[in-house]
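Each remark here refers to the structure printed beneath this line.
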Amino acid sequence: MQLEHLFTLDAQKEAVRDGVPPIELVHGEKLLDMFENLELGLTPKTTYDINLHFFQEFQS
């Protein structure tokens, strides 16, 4: 994904402006990935898929 399509030219310039620390521009999907990797503000949750093959022998 190319950042030039996600952020305005002004935002891109500000991110690398001389005299200040650089700013990492983060798009929505990357931000979600970062939150998930750090489990920041999230509670992990286990989910299960039903194995229908297992239950076939119990069907009438």
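The values are calculated or read from the model by the stated rules, or taken from the named source; none is laboratory data. Just so it is clear, the structure is predicted and the values come from calculations on it, not from any experiment. With ligands, DNA and RNA removed, areas are computed over all heavy atoms of the protein, side chains included. Shrake-Rupley method; radii C 1.70, N 1.55, O 1.52, S 1.80 Å.
Please go through region 15-60 and give me each residue that is of a type outside the set (A, V, I, L, M) and over 26 Å from the mean Cα position of the chain (by Cα), ordered by number. Walk me through it before giving the result.
Filtering region 15-60 for residues of a type outside the set (A, V, I, L, M) gives 17-19, 21-22, 24, 27-30, 33, 35-37, 39, 41, 43-49, 51, 53-60.
Within region 15-60, 17, 18, 19, 51, 53, 54, 55, 56, 57, 58, 59, 60 qualify.
Which of the residues spanning region 25-45 are open to solvent by 100 Å² or more (accessible area, probe 1.4 Å) and farther than 30 Å from residue 11 by Cα? Walk me through it before giving the result.
Narrowing region 25-45 to residues open to solvent by 100 Å² or more (accessible area, probe 1.4 Å): 29, 32, 36-39, 43, 45.
Matches in region 25-45: 43, 45.
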